[in-house]
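Below you'll find the structure, written out as structure tokens, and then a few comments.
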Amino acid sequence: MRGHLDGLLLAALESGPLHGYAIITAVQERSGGALELRTGTVYPALNRLERLGLLRSGWQAMGERKRRCYELTDAGRRSLAEERSAWRAFTAAVGAVLDPGPAT
């Protein structure tokens, strides 16, 4: 997870605004339960991403409760695209080493 949390959070918000717990749930569901994010990790990261201008947040009423919901900014969408590109390059490089194919 180290080094990939920002990309995971940005990807979870790509389809629209979510509150913190819904972001955690989205990552867990999209990973088939393999990734379980802790609130003590997620909320500081969301605050940092907001300070960087990649997210914006606001309070929304959810039933009788108010929750802070986060959404991507244009800069956040660009950052997500960069994260995806870097991830694809990384996995291709690791794949080439771990599964090089038949020797010629």
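The values are calculated or read from the model by the stated rules, or taken from the named source; none is laboratory data. Being a predicted model, the structure only gives us computed values, none of them experimental. Cβ atoms come from the backbone with ideal geometry, glycine included; neighbour counts cover every protein chain shown. Protein only, heavy atoms only, side chains kept; ligands, DNA and RNA dropped before computing areas. Shrake-Rupley method; radii C 1.70, N 1.55, O 1.52, S 1.80 Å.
Here is how the numbers come out for the structure above:
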quantity	calculated
Region 1-30 residues that are under 17 Å from residue 58 (Cβ atoms), paired with ones that are surrounded by 14 or more Cβ atoms within 10 Å (Cβ to Cβ) and of a type in the set (Lys, Arg) (beta carbon under 6 Å, 6 or more apart)	19/67
Which numbered condition residue 63 fails, given (1) on the phi > 0 side of the Ramachandran plot; (2) touching a residue at least 60 places away in the same chain (Cβ under 8 Å); (3) not aromatic (Phe, Trp, Tyr)	(2)
Among the residues listed as 92, 103, the single one being free of Cβ contacts under 8 Å to residues at least 12 places away in the same chain, part of a loop (DSSP other than H, G, I, E, B) and exposed (fewer than 13 other Cβ atoms within 10 Å of the Cβ)	103
Condition broken by residue 54, with the remaining ones in (1) over 15 Å from residue 13 (Cα atoms); (2) in contact with a helix residue (DSSP H, G or I) (Cβ under 6 Å, 6 or more places away or on another chain) satisfied	(1)
Failed criterion for residue 55 (all others in (1) surrounded by 14 or more Cβ atoms within 10 Å (Cβ to Cβ); (2) farther than 20 Å from residue 3 by Cβ hold)	(2)
All positions within region 64-89 that are under 19 Å from the mean Cα position of the chain (by Cα), open to solvent by 100 Å² or more (accessible area, probe 1.4 Å) and basic (Lys, Arg)	77, 78, 88
Residue in region 4-26 that is among the hydroxyl-bearing types (Ser, Thr, Tyr), within 27 Å of residue 91 (Cα to Cα), under 12 Å from the mean Cα position of the chain (by Cα) and open to solvent by less than 80 Å² (accessible area, probe 1.4 Å) present	yes
